[in-house]
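Report on the structure given below.
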Amino acid sequence: MVVIDEKLEPILNEVLRRNAGEQEFHQAVREVLESLGRVVAKHPNYANNALIERLCEPERQIIFRVPWVDDKGQVQINRGFRVQFNSALGPYKGGIRFHPSVNIGIIKFLGFEQIFKNALTGMPIGGGKGGSDFNPRGRSDGEIMRFCQSFMTELHRHIGEYTDVPAGDIGVGGREIGYMFGQYKRLTNRYEAGVLTGKALFYGGSRARTEATGYGATYFVERMLATKKTTFEGKRTVVSGSGNVAVYTMEKVIEFGGKVVACSDSNGYVVDEKGIDLDLVKELKEVRRARISDYARLKGAGTHYVESGSIWDVPCDIAMPSATQNELTGADAKTLVKNGVKAVGEGANMPSTPEAVRIFQEARVLFAPGKAANAGGVATSALEMQQNASRDSWSFEQTEAKLATIMRNIHDLCAQTADEYGAPGDYVLGANIAGFVRVAEAMDALGVI
Ligand code: NDP
């Protein structure tokens, strides 16, 4: 286990005490504080005025009731959350997640990560996150709409283009953003396009936003591979999940010449040695809202489906975990290393457990942490905000070119920071320090607030 600097240990202990039971939040804070010892040694001023303690305490946390009526006429109650974590660099920015596992600890971990990720993009956005324990699985379109409207009926008073700009995340895609934007517009009587990102093109969305997180993660890994003078060409790649991030990761990996041999959902994974047929995955997941098991059923010979089990048992050169937090354990990491994995790029937020990260780093596997590798989604959201502010709309090529540049810059910033702080190749340390320094400079300038 990494030892925490003695100045930072009391801060971590206080976070653990004041946020009892919030394991994922503890994990996220611990990882960042483990990296910051080298910074406070070099710049002791960052530890002044309780700056790090303030960074670990959300500026505002909102928890609310979300009542809605299902198709049978029964009233259902869910819990809604928005954690406005840090606005030193700009309006709070971060997605909304609808999943039964959502609780305040999960939203705080995601909001905390978002602060550093957003800072790494170099764009003027603070960090926040929201969501609900609502389970969209199996719900009708009408139920989804009524839930989104009720959720926004409370949330609308806390957000705005200069205040807090939510987007999608697990369980929240274009359809849900549309229903939430519609309700916001109705409640406020304002066509405030910049209040939400991930909108469809015909009402203020940005080209390439849907693709941005997956494409961005792939650009990051491409750059990381280039440091070892290699590419995706011919590399066996495994991508977990089959949602937004996974689908567009697979698309870009295939474009870069990689061969995606497996993907998954929360029930199991499918292996296709000929290479995953992405059109079929898109049809199943984006149109039919079906299960990944249907892939093997429809494709037949040459593919197989494994119920439960770990997708990381499938041998690969490159692993891109793109489903959810802590989906890749220490045991999975050992299997991947044994099978010769060369690079791991996190499309999801914190998908690798701390033990898994340590195993990859000790085995000298190139490891791209989510807060850097998946920043393309939020960066393109910020590009959407720019287009909304200027009432402009850019071409796909123009937007993707900006995304590619941002991702390569983030990669280089993390790599250079890791070098500067004496840990070459440690992208976790590089991302944490580079993100922290940007936020800390702004917080310091704004005084004790
Ligand atoms: P989606 O809802 O589109 O897809 C999530 C995918 O992960 C689905 O295939 C889902 O399967 C699977 N999944 C969810 N929970 C679990 C679980 N407990 N175990 C196994 N598989 C699971 O979400 P996104 O693709 O948008 O998000 C994926 C990850 O990427 C998340 O960590 C998110 O925070 C992160 N992220 C997303 C961004 C974005 O722009 N969308 C930006 C940056 C990060 P099933 O359908 O069975 O539930």
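The values are calculated or read from the model by the stated rules, or taken from the named source; none is laboratory data. Treat the numbers as computed from the prediction; the structure is a model and nothing was measured. Here Cβ is always computed from backbone atoms with ideal geometry, including for glycine, and neighbour counts include all displayed protein chains.
Brief remarks follow.
- Residues in segment 252-275 that are away from the ligand (no atom under 13 Å from the Cβ) and either part of a loop (DSSP other than H, G, I, E, B) or not hydrophobic (A, V, I, L, M, F, W, C) (or both): Lys252, Glu255, Phe256, Gly257, Gly258, Lys259, Asp272, Glu273, Lys274, Gly275.
- Residue that is part of a loop (DSSP other than H, G, I, E, B) and of a type in the set (Gly, Ala, Ser), where the choices are Ala401, Ala423: Ala423
- In segment 285-300, the residues that are of a type in the set (Lys, Arg), near the ligand (Cβ under 10 Å from one of its atoms) and either surrounded by 13 or more Cβ atoms within 10 Å (Cβ to Cβ) or in contact (Cβ under 8 Å) with a residue 24 or more places away in the chain (or both): Lys285, Arg291
- Which listed residue is over 21 Å from Ile125 (Cβ atoms), touching a residue at least 60 places away in the same chain (Cβ under 8 Å) and outside the structural domain of Ser352 (by TED's automatic domain parsing), from Lys72, Lys93, Lys7, Lys42: Lys42
- Sole residue being touching a helix residue (DSSP H, G or I) at 6+ places or on another chain (Cβ under 7 Å), among the β-branched types (Val, Ile, Thr), at negative phi and touching a residue at least 12 places away in the same chain (Cβ under 8 Å), chosen from Val306, Val344: Val344
- Positions within segment 384-395 being within 28 Å of Cys414 (Cα to Cα) and touching a helix residue (DSSP H, G or I) at 6+ places or on another chain (Cβ under 6 Å), in sequence order: Glu384, Met385
- Residue match in segment 426-436 (condition: crowded, with 24+ Cβ neighbours inside 10 Å, of a type in the set (Asp, Glu) and touching a residue at least 40 places away in the same chain (Cβ under 8 Å)): no
- Residues that are touching a Phe, Trp or Tyr at 6+ places or on another chain (Cβ under 8 Å), over 18 Å from Gly94 (Cα atoms) and outside any helix (DSSP H, G or I), drawn from segment 135-185: Asn135, Pro136, Arg139
- Top-ranked residue of segment 192-223 - restricted to ones that are among the β-branched types (Val, Ile, Thr) and part of a helix (DSSP H, G or I), ranked as nearest to the ligand (Cβ to nearest atom): Thr213
- Meets criteria (near the ligand (Cβ under 10 Å from one of its atoms), outside any helix (DSSP H, G or I) and at negative phi) for Lys129: yes
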